[in-house]
Amino acid sequence: QVQVVESGGGLVQPGGSLRLSCAASGSIGSIGTMAWYRQAPGKERELVAAIDSSGNTNYADSLKGRFTISRDNGKNTMYLQTNSLKPEDTAVYYCNVWCKKSWSNRFENYWGQGTQVTVSS
């Protein structure tokens, strides 16, 4: 099986920063695109940023310049550096991973359980 676990969320004041991590583990053959999504109370889940296995990135237009996505392929880990946080960034942040199991040639999609980010004074 494949496990996806986020960490790094918490309570931060407006203007502050957090670094979120997402680690994939288990019977992994290779990992394709990894992405961060977020879901605020009463709102739909939305894409924050994505990064493919070559390091090409894609961001939600509203977050460009404040958030930076990166990954360490050797550790099967993805990061999201969030800066200049605003109260409207408050949400549960989810990790999404496309990966092949070690015995399969087919990409499958996995979600983490989410990590809460709260921006408040």
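The values are calculated or read from the model by the stated rules, or taken from the named source; none is laboratory data. What you see is a predicted model; the values in this text were computed from it and never measured. Cβ coordinates were reconstructed from backbone atoms using ideal geometry, including for glycine residues, and neighbour counts include every protein chain displayed. All accessible areas refer to the heavy atoms of the entire protein, side chains included, with ligands and DNA or RNA removed. Shrake-Rupley method; radii C 1.70, N 1.55, O 1.52, S 1.80 Å.
Residue count for region 106-121 under the criterion of being at negative phi, in a loop (DSSP other than H, G, I, E, B) and in contact (Cβ under 8 Å) with a residue 60 or more places away in the chain: the result is 4.
Of all the listed residues (A40, A49), the sole one being in contact with a Phe, Trp or Tyr (Cβ under 8 Å, 6 or more places away or on another chain) and at pLDDT 95 or above is A49.
Looking at R19, is it surrounded by 13 or more Cβ atoms within 10 Å (Cβ to Cβ) and charged (D, E, K, R)? Yes, satisfied.
In region 58-78, which residue that is more than 24 Å from Q3 (Cβ to Cβ) and among the polar types (S, T, N, Q) is surrounded by the most Cβ atoms within 10 Å (Cβ to Cβ)? Step by step, filter region 58-78, then rank; the result is T68. Screening the candidates N56, N96, N105 for the property of being closer than 18 Å to G26 by Cβ and modelled with pLDDT of 95 or more yields one hit, N96.
If a residue has to be of a type in the set (K, R) and either open to solvent by less than 70 Å² (accessible area, probe 1.4 Å) or touching a Lys or Arg at 6+ places or on another chain (Cβ under 6 Å) (or both) to count, how many in region 79-102 make the cut? Total satisfying the criteria: 2. When region 1-16 is limited to residues that are outside any strand (DSSP E or B) and modelled with pLDDT of 95 or more, the one that is most open to solvent (accessible area, probe 1.4 Å) turns out to be Q13.
Within region 40-55, being open to solvent by less than 60 Å² (accessible area, probe 1.4 Å) and either in contact with a Pro (Cβ under 7 Å, 6 or more places away or on another chain) or not aliphatic (A, V, I, L, M) (or both) holds for D52, G55.
How about region 50-102: which strands (runs of 3 or more DSSP E) wholly inside it have at least 3 residues that are within 13 Å of S21 (Cα to Cα) and of a type outside the set (A, V, I, L, M)? Counting at least 3 such residues, we get 67-72, 77-82, 91-101.
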